[in-house]
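First comes the structure, then the notes that go with it.
The values are calculated or read from the model by the stated rules, or taken from the named source; none is laboratory data. Bear in mind the structure is a predicted one, so any value in this text is a computation, not a measurement. All Cβ positions, even for glycine, are placed from backbone atoms using ideal geometry, and neighbour counts span all protein chains on display.
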Amino acid sequence: MRVHVGDQELVEVLLDYFRQESDCVAIQVGESEIEVSLLGSYGRKFHDEKVAELAAEFRRRKSASPRRGVARLRNGADDRGRQ
């Protein structure tokens with residue numbers, strides 16, 4: 001199954017998870033896309049739930065972390081309104 005993750009950092013999180021699982025193989029096939037093959041008899045539901053949990057936790061942490069060192073310019077001012 002090919003999965004478009006949408007975030008390159010999340011690709012690494014999911015690849016780490018799948019590398020630890022003995023019943024599947026996952027490879028990165030694009031900048032933000034992975035290919036996952038289930039090998040064993042485990043139901044897909046187990047992995048679906050775990051991937052959803054990992055993605056939700058990743059997005060929670062990412063939205064809670066402050067932006068690091070990147071000031072976006074708007075009309076000559078950074079995000080804090082200073083020139």
Filtered residue count, segment 1-54, keeping only those that are among the polar types (S, T, N, Q) and in contact with a Cys (Cβ under 9 Å, 6 or more places away or on another chain): 1
Any hit, segment 7-23, residues being assigned to a strand (DSSP E or B), at pLDDT below 85 and over 16 Å from Glu53 (Cβ atoms): no
Which numbered condition Glu35 misses (of (1) loosely packed, with under 15 Cβ neighbours inside 10 Å; (2) assigned to a helix (DSSP H, G or I); (3) not basic (Lys, Arg)): (2)
Ala52, sole failed condition from (1) surrounded by 15 or more Cβ atoms within 10 Å (Cβ to Cβ); (2) free of Cβ contacts under 8 Å to residues at least 40 places away in the same chain: (1)
